[in-house]
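Quick notes on the structure that follows.
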Amino acid sequence: MARVFRSLRKTLTLAHQLQRQLSISPQMSRRTYISEMRKSAFEGNILRFLRSEIQYELQSSPPNNPITKFNSFMIDGRPGERWITLRRQYADEEVKVEVTMFDGAVPASSANGEVANSDEMQLHITLIVTISKGEGGVLEIMCSAWPDSIEIKRLLLCGNVKVPAEPYAGPEFRELDDELQDSLYDFLEVRGIDDELAVFLHQYMKHKDKVEFIRWMERVKSFIERK
């Protein structure tokens, strides 16, 4: 008799658990459905926005094929990165110029040095010029490229021996003698780092900025579309 009661109690317990599951399942199912619907709606809105932006960017000014050469420099556009690299040979030297995309801006100035318009900005590009002479060491020159000019910021000479953790980088460029400053600008100019290059880089980076923006949106869209 005790065995019968235990069996009956077990059966009633299982029936009670099953009843609870049946009463909870529809509620959980509804919550899951609503959650999935919201997720789908959010993703749909994002995808519509991305497709619209991509189409607008492509139609407003379609990207051109990347330029691979400027004067004596060969250009590596480094797709997907914030940098490009220019290389050339000058006599027995290897000249490499690493260039950032736009990394700053200052208010534009008028001819008399005053701010022309608070809405007008001059975009800034950083250049790292590396000039190598084989066993003769490496000269690294940090520059700024403004829309129509190159500005030297600092020079660092590295030998073939191990570079100290914190090497002496020399004085600020503007602290050097004026004639020495002019000579260093001439030194860069004969190697192709001049105002003409600054103008070209600003045009190039405007195009790269657009291309990278479209590429970024395409990658985000592909990720969201992935199931």
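Each reported figure results from applying straightforward, stated rules to the coordinates on display, with no laboratory input. Fair warning: this is a prediction, and the values are worked out from it, not measured in the lab. Note that each Cβ is placed from the backbone with ideal geometry, even for glycine, and that neighbours are counted across all protein chains shown.
Determine, for Lys227, Lys96, Lys206, Lys69, the number of other Cβ atoms within 10 Å of each Cβ, and report the residues in order from fewest to most.
Numbers: Lys227 2, Lys96 17, Lys206 14, Lys69 10.
In increasing order of surrounding Cβ atoms, one gets Lys227, Lys69, Lys206, Lys96.
In nanometres, what is the gap between the two model label sites at Met74 and Phe187, each 7 Å from Cα along Cα-to-Cβ?
It is 2.6 nm.
Taking the Cα-to-Cβ direction at Met121 and at Leu157 and moving 7 Å from each Cα, how far apart do the two end points lie in nm?
According to this spin-label approximation, the distance is 3.9 nm.
Compute the signed sum of charges (Lys and Arg +1, Asp and Glu -1) over the other residues within less than 9 Å, Cβ to Cβ, of Asp195.
Charge balance near Asp195 sits at -4.
Where a ≥ b ≥ c are the square roots of the eigenvalues of the C-alpha gyration tensor, would you call the stretch 49-109 rounded, which needs a/c under 1.5, or, failing that, prolate if a/b is larger than b/c, or oblate?
prolate
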